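The structure under discussion appears below in the form of structure tokens.
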Amino acid sequence: MHYKDELTGLLKESLKEAFPALVNEYGDENITVISIDADNTTGFGDAYSFTLFVNTEENQDRRIKADEDDPDPWYYRFTEYEMYIVPDPDNFDKVLSFLNESYASNIGMDEVYECIADAVEQLRAEKFFDSVFPHDILIAINGSEVFGADELTKLIVRMNGEELSRDYVENADSFI
């Protein structure tokens with residue numbers, strides 16, 4: 001389908017701009033996870049939004065120390081709402097225009113997330129992340145409202161490979 005290729009290309013372009021900006025913003029800390037959220041809360045196909053979530057070792061440690069109960073480190077590592085939140089990043093304007101103003105506005109959220117996964121896969125194949133981050137980071141999607149746990153973990157593995165996804169997959173019960 002042509003619109004999926006176009007959307008994947010636009011997402012790839014947006015991510016190539018967004019990730020270095022995140023390093024500029026949070027690079028004083030050790031970034032471990034970046035999660036991408038796509039939302040269409042109206043359900044009418046004309047009000048998409050994107051949010052990026054960034055976690056760092058330092059943020060995770062602060063959150064664990066603030067939790068007086070028995071904190072689960074995997075919850076604090078992978079739960080988006082425990083991360084730094086970057087709502088409506090400017091880098092996604094072209095993607096939003098495409099989704100909100102074109103025939104592709106009827107694309108399902110599962111298809112949007114599939115295109116995100118395709119874009120991340122392509123960036124990994126091009127070694128883009130090696131040029132931006134000093135070490136491997138996990139790229140996730142905040143898709144638990146769209147996918148079941150098994151489908152979501154398969155997408156995470158697809159985007160990151162088995163080795164980099166191991167902690168996510170083995171501890172998914174803590175945060176999905």
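Before moving on, here are some points about what is shown:
- Of all residues in the range 59-92, exactly one satisfies the criterion of being of a type in the set (Val, Ile, Thr) and assigned to a loop (DSSP other than H, G, I, E, B), namely Thr79.
- The residue that is surrounded by the fewest Cβ atoms within 10 Å (Cβ to Cβ), counting only those in the range 132-176 that are among the small types (Gly, Ala, Ser) and modelled with pLDDT of 95 or more, is Gly161.
- Subset tally (residues that are surrounded by 20 or more Cβ atoms within 10 Å (Cβ to Cβ) and not β-branched (Val, Ile, Thr)) for the range 19-31: 2
- Whether a residue is touching an Asp or Glu at 6+ places or on another chain (Cβ under 9 Å) and either surrounded by fewer than 18 Cβ atoms within 10 Å (Cβ to Cβ) or free of Cβ contacts under 8 Å to residues at least 12 places away in the same chain (or both) was assessed, and Tyr81 does not pass this test.
- Flag if Thr32 is of a type in the set (Val, Ile, Thr), under 24 Å from Thr153 (Cα atoms) and part of a strand (DSSP E or B): yes
- Residue selection: Asn106 satisfies the criterion of being in contact (Cβ under 8 Å) with a residue 12 or more places away in the chain, of a type outside the set (A, V, I, L, M) and open to solvent by 30 Å² or more (accessible area, probe 1.4 Å).
- Taken as a whole, the range 7-14 holds no residue that is open to solvent by less than 10 Å² (accessible area, probe 1.4 Å), under 27 Å from Glu170 (Cα atoms) and within 12 Å of the chain's Cα centre (by Cα).
- Filter result for the condition that a residue is out of contact with any strand residue (DSSP E or B) (no Cβ under 6 Å at 6 or more places or on another chain), within 27 Å of Pro20 (Cβ to Cβ) and free of Cβ contacts under 8 Å to residues at least 60 places away in the same chain, over Ser97, Ser144: Ser97
The values are calculated or read from the model by the stated rules, or taken from the named source; none is laboratory data. What you are looking at is a predicted structure, and each value in this text was computed from that prediction instead of being measured. So basically every Cβ, Gly included, is an ideal-geometry build from the backbone, and we count neighbours across all protein chains shown. The accessibility values were calculated without ligands, DNA or RNA, using every heavy atom of the protein model including side chains. Shrake-Rupley method; radii C 1.70, N 1.55, O 1.52, S 1.80 Å.
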